[in-house]
Amino acid sequence: MLFNRKKEDGTHQRVGLSDGVEAKVADFVKDWAALQRGHRQPVADRKEEPLKLLTDADVAYFVKAMEDEAALIEAEIEDARKRHIADIAQKDAQIAAINREIESRKAKLQDQDGEIHRRALALVDTKDIAKKIYPAFDAENFASALDVKREVVRRRCGDGAVDGKTEAYIDERFELLAARVNTDPFAVVMADGIRRNDPKDAAEKAYQESVQRLRDAHKQSPEN
């Protein structure tokens, strides 16, 4: 892939393009471009006829052809670079979307685990309260707190207290039953007020009862 600019004798110097130079330049440029694009490998000691540029027009034509092909190769390189950047951006977006999906699923799993834990604790607490409300009730086979509440309310208050009723209503009825069994006896005493036992009051009460018995005996008719 060689070229040789050879000017003829000044007396016989030609003007314009040499015969067939366009095709020869095209072949030269094509071969050079193939090397630049990696479409073929260079061959050592390759025997080829040098490209001869005999006139200034030949040289100008050759330079223009090489510049055009070089510009085309540069444009192809730039397009390839942009496509590569776009591909990387697309891959990054896909990876980011996958990571977001993974995080979303992890969050959902954590929420599900938390909900399962909450329901399990609620079921245990409800079973404990149900045992206090209805000691004979066996809640082992019940899988949800609502089922336990519904059955306890049914047993304590009848079918009418649960049939067709909403979950909120059943919860309220269960809470009322629980409030009764959870009442603190000491708190009841304190609410009613503490009363002291006075010996005088006891003696007075005994005296009044004795008097009343005597009066009642006096009212009875004498036996015949």
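Table for the structure above
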read-out: R0 of 22 Å, Cβ-Cβ distance S144-N99: FRET efficiency to nearest 0.05; value: 0.05
read-out: Karplus-derived 3J(HN,Hα), 6.51/-1.76/1.60, for each residue of the stretch 60-67, Hz, glycine and proline x; value: 4, 5, 5, 4, 4, 5, 5, 5
read-out: Sum of side-chain charges, A75 neighbourhood, beta-carbon under 11 Å (Lys, Arg +1; Asp, Glu -1); value: -4
read-out: Cβ-based net charge around E167, under 15 Å, with every Lys or Arg adding one and every Asp or Glu removing one; value: 0
read-out: Ordering of 29-35, 115-121 by packing [mean C-beta count within 10 Å, highest first]; value: 29-35, 115-121
read-out: Spin-label model distance (nm) - R83 vs A107, 7 Å beyond Cα toward Cβ; value: 3.8
read-out: Long-range amide H partners of L53 with built H, under 5 Å; value: N4, R5, K6
read-out: Point-to-point label distance, K91-A33, nm (Cα→Cβ direction, 7 Å offset); value: 3.0
read-out: Relative contact order (%) - the stretch 14-85, alpha-carbon pairs under 8 angstrom, separation at least six; value: 47
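No lab work stands behind these numbers, since they all come straight from the coordinates. This is a predicted model, so every value here is computed, not measured. Ideal geometry is used to build each Cβ from the backbone, glycine not excepted, and the neighbour counts take in all protein chains shown.
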